[in-house]
1. Which strands (runs of 3 or more DSSP E) sit wholly inside segment 182-294 and have at least 1 residues that are loosely packed, with under 15 Cβ neighbours inside 10 Å and among the aliphatic types (A, V, I, L, M)?
2. Given the residues L177, L197, which is the only one that is closer than 23 Å to F265 by Cα and in contact with a Phe, Trp or Tyr (Cβ under 7 Å, 6 or more places away or on another chain)?
3. Pick from segment 109-125 the residues that are over 27 Å from K329 (Cβ atoms) and open to solvent by less than 50 Å² (accessible area, probe 1.4 Å): which of them is modelled with the highest pLDDT?
4. Six or more apart or on different chains, Cβ under 7 Å: which pairs go from a residue in segment 208-224 that's without any contact (Cβ under 8 Å) to a residue 12 or more places away in the chain and closer than 13 Å to A196 by Cα to one that's among the small types (G, A, S) and outside any loop (DSSP other than H, G, I, E, B)? Could you list them?
5. For segment 140-163, give me the residue count where each residue is outside any loop (DSSP other than H, G, I, E, B) and either more than 13 Å from G183 (Cα to Cα) or aliphatic (A, V, I, L, M) (or both).
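The values are calculated or read from the model by the stated rules, or taken from the named source; none is laboratory data. Just so you know, these numbers come straight off a predicted model, no measurement behind them. Here the Cβ positions follow ideal geometry from the backbone for every residue, glycine too, while neighbour counts run over all protein chains shown. Just the protein is used for accessible areas: all its heavy atoms, side chains included, with ligands, DNA and RNA removed. Shrake-Rupley method; radii C 1.70, N 1.55, O 1.52, S 1.80 Å.
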Amino acid sequence: AAAAAAAAAAEVRESLLTRHLSGDLRWPGRTQRWRRRRHARGGMDALKRFMAEQAEEAPATVTSEPESPGKEVPAAAKAGDEEDKKDEEPPLFILVTGAADTDTAPNKANHDTARDMKVPHIMHLPDKVAVKDVIIGSFSQHTVAVGVNGAAYAWGMNGSGQLGIGTDDGFVYAPTLVKGVRGAVAGGSCGRHHTALFTADGELYTCGRNEEGQLGIGRIESKPKIAFVKAALGAGDGAKCVSVACGNNFTLAADVEGCMWACGFPDHGCLANGSDGRRLVRSNKVTYDNEKSFNFVGIYLDVNQQPGGRRFEEPLSEAPKIKQVAAGKEHCMCLEDAERLPA
């Protein structure tokens, strides 16, 4: 029964993928339709070859003791075994699609040779380490993948050292082990030119460009950090990080106590500290007070929209407990712990 279900599921996946590939590549004309079908077949052939390789590499199941005739296995035990098997089989690869090559100085020659992936492509981590999580950002041109071994691998644009692999090469095409992170990576975020990762122990690490203080390491530098360095949420070793988000050139974090922290470029109020950081130096000259360390966010407002378009803003009597943070290019959002929300 399990084999039949797996075969049925594979057939459904194959059908859906074929429809997706043939419908996604919309080229007009007879020749273009032929190319579309050829690309669809090529994608399916690649997927079938990969599945066959995985089946050959999978160890054969050996039964140490044959079941006694007439002896039934409880349904609960079967369900438990199936759940255990699911837990033991993490995904072995990543499916990648979209822009696959970016240059810091685009020109016609670069665009002619740039390669876009219009159908999902299979990508493995080094030594075929099983994948636990994939980390990107809305404005990032690089990617970080976390393996089940807790290690992080990065690839993509690296002109500012945002991969944290010890170099600032313009572009890295293959997943490469990052440097400087101590402990198993639990999560992270990618900004435009910087990256932040936190470990299962709550330690926060950042790398990349730091011209606006977005690394939160207590100083602003013109030279990027090409390997991950430790950042602290607060004084000393700082609080334990449970969530982090990178914007265009700022960073947000939430700690285990539910407090939110922010550092980097403050324009548009994206650091949630009540200011956009602008300071008039002289006529027509504006500078910004960047936050070079993670600063505590302590003011939260309750906004009530009244009839007639009137708005009333008043501070919350009790600070919310933040469990997750998110960042766009120049704005941020945070998610409050459900325990505090009204029923």
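1. Working: elements: 185-190, 194-199, 204-208, 225-231, 241-246, 250-255, 260-264, 278-282, 285-288.
Once the strands (runs of 3 or more DSSP E) in segment 182-294 are filtered for at least 1 residues that are loosely packed, with under 15 Cβ neighbours inside 10 Å and among the aliphatic types (A, V, I, L, M), what remains is 278-282, 285-288.
2. On the way: L177 fails: closer than 23 Å to F265 by Cα.
None of the other options fit; the residue is L197.
3. So, considering only residues that are over 27 Å from K329 (Cβ atoms) and open to solvent by less than 50 Å² (accessible area, probe 1.4 Å), the one modelled with the highest pLDDT is L125.
4. none
5. As a first pass, look at segment 140-163 and keep what is outside any loop (DSSP other than H, G, I, E, B): 142-147, 152-157.
With the extra rule that they be either more than 13 Å from G183 (Cα to Cα) or aliphatic (A, V, I, L, M) (or both), the set shrinks to 142-146, 152-157.
Looking only at that region, the number is 11.
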